[in-house]
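Remarks on the structure that follows.
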Amino acid sequence: MTFDRRKFLSVAGAAIAAPAVSRVAFGQTPQVTLKMHHFLPPVSNGHAKFLAPWAKKVEADSGGRIKIDIFPAMQLGGTPPQLFDQARDGVADIVWTLPGNTPGRFPIIETFELPFVPAKRALANSKALQEFSQTNLKDEFREVHPICFWAHDHGLVHANKQVKTMDDLKGLKIRFPTRLAGEALKTLGANAIGMPIPQVPEALAQRAIDGCVVPWEVVPAIKVQELVKFHTEIPGSPTLYTTTFILAMNKPKYESLPADLKNILDANSGQVAAAMAGAVWDEQAVVVSDMVKKRGNTITVLDEGEAARWRKTTEPVVEAWIKSMKDKGQDGGKLLETARGLIAKYEKA
């Protein structure tokens, strides 16, 4: 009888305690699960050092009520140029993408992608672009909820032969990331070839291209340092080119969130997220360039006179863009002046 009574009390005690355990477990259950989709492999710095830490911070700040599942390397299907529409249409809740993947669709953000407009450092470019977006990009990206915009640091020419002058570029098949980078390469004499970045390693390996323009940060993710031996830097600011990025969320999904969860996302958006991304690109530029040097690859820095020659040669690209913007009813000259002013502001910061 004593044994049965103890057993009963034990079972009863467990039953009484059970709801408390359930409440704790329920409190830890995500209230919202978001799917984030992007185009680079999980070993890339963009994924490992920005997107994943950003997602973890949002989860932590929400006390586990928001969960973000990241799908790298286009695991949810489609191609990189389709990512923006995936966010717009709700195929993914959040995407990381390049507006330049769909040339001509987002003309105003191209202001920052013009040759010899961006700064050497990603942090300055990113903060400037994020501020620029508040007054100039709201309509252009109205189909999504932008979490942040940013732009990488100075882009380099990576090739299977040394490029010391403009003449060395002539005839080289060089992959470009954005429409305007492609136009700039053409004026410099290269055979500019556009393709999404996941296709670059195979194209280099098969000699379908002779090189590419990318920042240091992305080099290890696509094994550029193993596929070519020569890297050319443009000294100082402004630099040859940058690529703009957007971390975009499906607008109905964002609007469906409770107010307090919106506030958590908002607190991790805008300049906070742009600065986080910019810092990663600048940090990795040093890490990766050091790694490439240790491999024995050749890094060439253009002398100031040659860099000025490149800048002068690409001026028609800027002029043509200003004219095309006028045809669209936009004041390209004013946009350019604003962008340059913001970049200068954050370079001094």
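Key figures for this structure:
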| item | result |
| --- | --- |
| Kyte-Doolittle at least -0.5, axis length at least 15 Å by Cα - qualifying DSSP helices, the chain | 2-28, 271-295, 332-348 |
| Rounded to the nearest 20 debye, dipole of the range 111-213 from Cβ charges on Lys, Arg, Asp, Glu | 280 |
| Shape category assigned to the range 36-131 from the gyration tensor of Cα positions, a/c cut at 1.5 | oblate |
| Student exercise, the range 62-168 dipole from Lys, Arg, Asp, Glu Cβ charges, in Debye to nearest 20 | 320 |
| Model label zone, Asp167; criterion: amide N under 20 Å from point 7 Å along Cα-to-beta-carbon; scope the range 309-328 | 309-314 |
| Proximal lysines to Lys334, defined as alpha-carbon separation beneath 20 angstrom and excluding residues fewer than eight positions away on the same chain | Lys127, Lys138, Lys323, Lys326, Lys345 |
| Proximal charge balance of Gly278 [Cβ under 10 Å; K/R count +1, D/E count -1] | -1 |
| Radius of gyration and Dmax over the Cα atoms of the range 237-291, both given in Å | 15.8, 46 |
| The range 190-239: radius of gyration over Cα atoms, expressed as a fraction of 2.2 N^0.38 Å | 1.16 |
| Rg over Rh, two decimals, the range 151-245 (C-alpha only, Kirkwood Rh) | 0.91 |
| Descending Cα extents along the principal axes, the range 85-238, whole Å | 43, 33, 25 |
| Gyration tensor over alpha-carbon atoms, the chain, equivalent ellipsoid semi-axes in Å | 45, 24, 17 |
| Rounded FRET efficiency, nearest 0.05, which uses the C-beta distance separating Thr29 from Ser324 and R0 of 51 Å | 0.50 |
| Simple label model, 7 Å out from Cα along Cβ direction - Lys229 to Arg295, nm | 1.3 |
| Global geometry of the range 226-323, whether rounded, prolate or oblate, following the gyration tensor of its Cα atoms and the 1.5 cut on a/c | oblate |
| Charge-dipole axis of the range 25-127 as Lys and Arg at +1 and Asp and Glu at -1 on Cβ define it, positive-most pick from Gly77, Gln31, Asn45 | Asn45 |
| Nearest-20 debye value, the chain charge dipole, Cβ charges on Lys, Arg, Asp, Glu | 700 |
| For the range 95-152, projected area of the alpha-carbon convex hull averaged over all directions, nm² | 4.0 |
| Hits among aspartates and glutamates - C-alpha to C-alpha of Lys161 under 13 Å, sequence gap 8 or more where chains match | Asp210 |
| Value of [θ]222 nm, deg cm²/dmol, for the chain, DSSP H segments ≥ 4, -39500 (n - 2.57) each, nearest 500 | -14500 deg cm²/dmol |
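No lab work stands behind these numbers, since they all come straight from the coordinates. Predicted, not measured: the structure shown is a model, and the values here were computed from it. Every residue, glycine as well, gets a Cβ built from its backbone with ideal geometry; the counts of neighbours run over all protein chains shown.
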